[in-house]
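Below is one structure, written out as structure tokens; comments come after it.
The values are calculated or read from the model by the stated rules, or taken from the named source; none is laboratory data. All values reported here derive from a predicted model rather than from experimental measurement. No Cβ is skipped: glycine too gets one built from the backbone with ideal geometry, and neighbour counts run over all protein chains shown.
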Amino acid sequence: MVQKKTFGSFVAKGIIWIIVIAMTLSCLLPLINMVAISLSSSNAVASNQVGLLPVDFTVTTYQKLLNDSQFWASFWISVKRVILGTAINMFFAITMAYPLSKSKFRFPAREIYIKVIIFAMLFSGGIIPLFMVVSKLNLVDTIWALVLPGAVPVFNVILLINFFKGVPDSLDEAARIDGASTLTILTKVYLPVSLPALATIALFSIVYHWNDYFSGLLYMNKASLYPLQTYIQQLTVDITQITDTEQLKQLATMSNRAFNATKIVVSTIPLLVIYPFLQKYFVSGIVIGAVKE
């Protein structure tokens, strides 16, 4: 009986590992293929010869992208947007989630606000009204047009509310007995024990602001003001506009497919660098925030 149980457990673990490995490869192999395409010649890419390794290795696409001064200008705009946008998102998420995590006896209007933010999460006014508001506030062609429309991330607020509910009331009561103010309780009691949830919503905000390209198209009238994702989304290889013979030879080894792969690889690197530092907080933050009522 014990042998059967042990054998069944071994088989179950083996099946689980096979599923996990298959899911990992399904995510990893397309990325490896994208890197290989970005490092391959146009002929190899066009004839679908590229698999997991580059064919006719070349870095022309990377040279063209990284030697472009506008690329670095757009990169800096995206960095500023991520820093500013994440800070704003975190401020509003924290200050909104804390009172809404209290009972209706301490915050009588809680149910009304909860219904409002859930409605706001499910329904939107639409792109045209949003653009009209941004335009009337004279935010077009400014960094604020990229960060203020999404200043209150409703999903992050709900996630943080659930996490704050899990903080023992005894900590809150003890701090109040010691004479701590509401702001002191939030900053000295709740935030230090909420690092997993804070890291989770910070990662959500960073990914959103870094990957969003549509806001740049919508609110920026000049290409020089585009954030990185918007800028590389608009880049294409146009050999007909090249007059220099040497440059034309270099671009002959490029294709728009390889160039698009290069865009994806370059724009993904910053997120791949940031994620490992937040991974342990991210996993626990998702789990704990999901199981609370």
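Annotations for the structure displayed:
- Selection within segment 146-168 - part of a helix (DSSP H, G or I) and either under 25 Å from Ser215 (Cα atoms) or among the acidic types (Asp, Glu) (or both): Leu146, Val147, Val154, Phe155, Asn156, Val157, Ile158, Leu159
- Hits in segment 169-203 - residues which are of a type in the set (S, T, N, Q) and outside any helix (DSSP H, G or I): Ser181, Ser194
- Being over 30 Å from Thr142 (Cα atoms), modelled with pLDDT under 80, hydrophobic (A, V, I, L, M, F, W, C) and surrounded by 15 or more Cβ atoms within 10 Å (Cβ to Cβ) is a description that applies to Ala44.
- Flag if Arg110 is at pLDDT below 90, surrounded by fewer than 14 Cβ atoms within 10 Å (Cβ to Cβ), farther than 16 Å from Gly216 by Cα and not hydroxyl-bearing (Ser, Thr, Tyr): no
- Residue check for Phe259: loosely packed, with under 14 Cβ neighbours inside 10 Å, in a helix (DSSP H, G or I) and at pLDDT 65 or above: no
- Segment 20-37 residues that are assigned to a helix (DSSP H, G or I), paired with ones that are not hydrophobic (A, V, I, L, M, F, W, C) (beta carbon under 6 Å, 6 or more apart): Ala36/Pro54
- Every residue from segment 71-113 that is of a type outside the set (A, V, I, L, M, F, W, C), more than 13 Å from Ala151 (Cα to Cα) and either outside any helix (DSSP H, G or I) or in contact with a Ser or Thr (Cβ under 7 Å, 6 or more places away or on another chain) (or both): Ser101, Lys102, Ser103, Lys104, Arg106, Pro108
- Evaluation of Thr230 against the conditions (1) at pLDDT below 85; (2) β-branched (Val, Ile, Thr); (3) within 30 Å of Leu65 (Cβ to Cβ) shows that the sole unmet condition is (1).
- Condition broken by Val283, with the remaining ones in (1) at pLDDT 60 or above; (2) of a type in the set (A, V, I, L, M, F, W, C); (3) under 16 Å from the mean Cα position of the chain (by Cα) satisfied: (1)
- Selection from segment 217-238 of residues that are part of a loop (DSSP other than H, G, I, E, B) and either closer than 14 Å to Lys263 by Cβ or in contact (Cβ under 8 Å) with a residue 40 or more places away in the chain (or both): Met220, Asn221, Lys222, Tyr226, Pro227, Leu235, Thr236, Val237
- Answer from Phe214, Phe163 - the residue that is without any contact (Cβ under 8 Å) to a residue 40 or more places away in the chain, in contact with a Ser or Thr (Cβ under 9 Å, 6 or more places away or on another chain) and closer than 30 Å to Pro270 by Cα: Phe214
- Per-region count, segment 97-108, residues touching a helix residue (DSSP H, G or I) at 6+ places or on another chain (Cβ under 9 Å), farther than 9 Å from Lys165 by Cα and free of Cβ contacts under 8 Å to residues at least 40 places away in the same chain: 5
- The set of residues in segment 160-182 being modelled with pLDDT under 85 and of a type in the set (A, V, I, L, M) consists of Val167, Leu171, Ala174, Ala175, Ile177, Ala180.
- In segment 122-145, the residues that are free of Cβ contacts under 8 Å to residues at least 24 places away in the same chain form Cβ pairs under 8 Å with partners that are among the aliphatic types (A, V, I, L, M) and assigned to a helix (DSSP H, G or I), at six or more places apart or across chains, as follows: Ser124/Leu130.
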